Amino acid sequence: MALTLSYFYMKEGVIMPEEKKSRYTEAQNRATQKYIKDNLEEIRFRVKKGEKDRYKIAAEKTGLSLAKFFLTAADEKIVRDSEKNKGDKG
């Protein structure tokens with residue numbers, strides 16, 4: 001089990017060590033990293049300065065994380081475009 005060491009001050013000015021347990025065990029961390037490697041892909045892109053805040057505010061208004069906001073918007077666009085293409089073929 002991973003332990004981190006932190007310090008706190010007592011009234012007398014003596015510094016005493018205090019052990020803190022890590023939130024996750026090494027096994028949990030390895031399992032999480034393996035899941036990410038085996039099941040997820042990463043998409044990264046850049047926006048102009050100031051645009052991130054605009055998107056973040058919009059995401060917060062809908063109760064979504066920034067990542068979920070973009071995924072939802074992309075999925076909605078894909079559906080709209082596929083419906084539009086169906087109408088063009090008919």
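Nearest 0.05, what FRET efficiency do ASN29 and LEU64 give at R0 = 25 Å with Cβ-Cβ as r? Walk me through the intermediate numbers first.
Numbers: r = 27 Å, r/R0 = 1.07.
So the FRET efficiency works out to roughly 0.40.
Classify region 44-90 as rounded, prolate or oblate, taking a ≥ b ≥ c as the square roots of the eigenvalues of its Cα gyration tensor: rounded when a/c is under 1.5, otherwise prolate if a/b is larger than b/c and oblate if not. Intermediate results must be reported in sequence, preceding the final value.
Details: a/c = 3.35, a/b = 2.24, b/c = 1.49.
Prolate is the answer for region 44-90, as a/c is 1.5 or above and a/b outweighs b/c.
Read-outs throughout are calculated quantities, based only on the coordinates presented, and are distinct from any laboratory measurement. Source: prediction; values computed, not measured. No Cβ is skipped: glycine too gets one built from the backbone with ideal geometry, and neighbour counts run over all protein chains shown.
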